[in-house]
Amino acid sequence: PEQGPFQVSRMGGQQSTEGQPKQPGEPDVAPGSAGMVSASSGAKAPKNKVQLAVSVLGGVQIPGLTAYHSSVVVNGEEFFFSDGGIAADSNLSSHKNPQMPDNQPTIIDMGFSQYSGSQLKAALERHFLPGTYDLLRKNCNSFSDTAIFYLLHKRIDAKYRAMEKMGASMQGMVAAASEYRPNPKAEGFDVDALCKEIDPEKVWSTPGQATGGATVTSAEAMRAARLARLGGGGGAPAPAASGSPAAT
């Protein structure tokens, strides 16, 4: 049901314990929320609230398919992708559609992340540069899908990208019937490949890797390898365990 200016959905059918309208960035730790960490693990529970904002695009008419615009909200701050690159705003401004002035975005609670909005922008900025936007191959939904994966290790519902996927498979027909022109700067862009590349768990959870990729066997060896790489000295690397290569 629609609550105030926003319609709120909860992933997995979760309901607010108070039954109150949810606003972007409103603190809420629901049972089973994505990104929760057991207290016994000793790690801090993720505290950055992540939401997906979705609105229907007007002016696009294809039977059986709906065109969507989406953006990602972290602690109340919206992040979205356009021809100007990744932008941030606090008023869901990207969803203001002159063709559908009364249309309001649906806000979907996705979970909680250990990564902030600024970390998200820093991680994805070089992959979504200004001038690389393409209506079918690299658009707002491509960014939202990648951003949600980076923040929560989830993907957005496939229905939000169904229209562009179909269009991308028939670019010639779409170009002939519209003003769409492929952007050469988006050539080769692949959301799935990018998600694998920026996967935080892959980058930070690889055991036994020091800066520079050398295998180490202790915290002291890792520290020494890092200092050596940064030119900070720190003495000779700690000796490796028997049968293991030393860090260099």
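The values are calculated or read from the model by the stated rules, or taken from the named source; none is laboratory data. The structure displayed is predicted, hence computed values, not measured ones. Virtual Cβ from ideal backbone geometry, glycine too; neighbours counted across all protein chains shown. These accessible areas exclude ligands, DNA and RNA; they are computed on the full protein's heavy atoms, side chains included. Shrake-Rupley method; radii C 1.70, N 1.55, O 1.52, S 1.80 Å.
Among (1) modelled with pLDDT of 95 or more; (2) more than 19 Å from Asn48 (Cα to Cα), there is one condition Met170 misses while meeting the rest; what is its number?
Every listed condition holds for Met170 apart from (1).
In the set Ile148, Ile156, which member is within 13 Å of Tyr68 (Cβ to Cβ) and of a type in the set (Val, Ile, Thr)?
The conditions single out Ile156.
Looking at the stretch 147-165 only, could you name the residues that are charged (D, E, K, R) and touching an Asp or Glu at 6+ places or on another chain (Cβ under 7 Å)?
Selection gives Arg155, Arg161.
If you take the residues of the stretch 62-117 that are in a strand (DSSP E or B) and modelled with pLDDT under 90, which of them is nearest to the chain's Cα centre (by Cα)?
Checked the stretch 62-117; the qualifying residue nearest to the chain's Cα centre (by Cα) is Leu65.
Answer with yes or no whether Arg223 is among the charged types (D, E, K, R), modelled with pLDDT under 90 and either surrounded by 15 or more Cβ atoms within 10 Å (Cβ to Cβ) or more than 24 Å from Ser55 (Cα to Cα) (or both).
yes
Restricting to the stretch 186-200, count the residues that are of a type in the set (Val, Ile, Thr) and more than 15 Å from Ala122 (Cα to Cα).
Number of matching residues: 1.
Check Arg126 against each of (1) open to solvent by 70 Å² or more (accessible area, probe 1.4 Å); (2) not in a helix (DSSP H, G or I) and name the one condition it does not meet.
(2)
Give the residue, chosen from Ser90, Ser94, Ser71, that is in contact with an Asp or Glu (Cβ under 7 Å, 6 or more places away or on another chain) and without any contact (Cβ under 8 Å) to a residue 24 or more places away in the chain.
Ser90
Does Ala147 satisfy the condition of being among the aliphatic types (A, V, I, L, M) and either outside any helix (DSSP H, G or I) or at pLDDT 95 or above (or both)?
Yes, satisfied.
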